[in-house]
Amino acid sequence: MRDTEKNIQELIIKAKEVSLQAYAPYSNFRVGAALLTASGKIYTGCNVEFSDYLALHAELNAIGAAVKNGERNFDSILIYSYCSPPVLPCGSCRQKLFEFSQLNKKDIKIIVVNDKGEKSKYLLSELLPSGNIPVEK
Ligand code: THU
Ligand code: ZN
């Protein structure tokens, strides 16, 4: 198995596992995200909902888990859902990922998978061609 294929299999297992921890009493829509860093570590996150409907998205929680461990260089993120076609990251999460792609001057791979095994791969630059470049203060 190629290295990237092995990585993807591991990302699927971890994203699926964390999706089961999703706290989604309002939408019943579980999402899991597994973020692979350039150093080869994987950080995960699930969605967490609140009564104000401002949910923490799985991708955002995975970014937070990585950053709190000093990791800012992201290679790819796999998003696991239970809908067909598999859910894509929302605009806000695309922008959040874009800020890290800017920081490292490299694109981020986005892989989406569902429980039926449907899988699509994108580059962040395809999903967000003109992200907002953060201004340094
Ligand atoms: N959600 C995510 O966590 N990530 C996505 O990519 C799409 C949507 C969550 C937010 C909310 O808890 C639920 O899925 C329904 O939108
Ligand atoms: Zn989002």
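Please determine, by comparing only the residues of segment 1-27 that are at pLDDT below 95 and among the basic types (Lys, Arg), which one is nearest to residue 48 (Cα to Cα).
Per the stated criteria, the residue is 6.
Can you tell me which of 120, 81, 125 is more than 12 Å from ligand 1 (Cβ to nearest atom), at pLDDT 95 or above, closer than 23 Å to residue 5 by Cβ and in contact with an Asp or Glu (Cβ under 9 Å, 6 or more places away or on another chain)?
Answer to the check: 125.
The rows are residues; the columns are (1) within 15 Å of ligand 2 (Cβ to nearest atom); (2) surrounded by 15 or more Cβ atoms within 10 Å (Cβ to Cβ); (3) more than 10 Å from the chain's Cα centre (by Cα); (4) not aromatic (Phe, Trp, Tyr).
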{"residue": "35", "(1), (2), (3), (4)": "yes, yes, no, yes"}
{"residue": "40", "(1), (2), (3), (4)": "no, no, yes, yes"}
{"residue": "46", "(1), (2), (3), (4)": "yes, yes, no, yes"}
{"residue": "49", "(1), (2), (3), (4)": "yes, yes, yes, yes"}
{"residue": "56", "(1), (2), (3), (4)": "yes, yes, yes, yes"}
{"residue": "61", "(1), (2), (3), (4)": "yes, yes, no, yes"}
{"residue": "70", "(1), (2), (3), (4)": "no, no, yes, yes"}
{"residue": "76", "(1), (2), (3), (4)": "no, yes, no, yes"}
{"residue": "80", "(1), (2), (3), (4)": "yes, yes, no, no"}
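The values are calculated or read from the model by the stated rules, or taken from the named source; none is laboratory data. From a predicted model like this one, the values you see are computed outputs, not experimental measurements. Cβ atoms come from the backbone with ideal geometry, glycine included; neighbour counts cover every protein chain shown.
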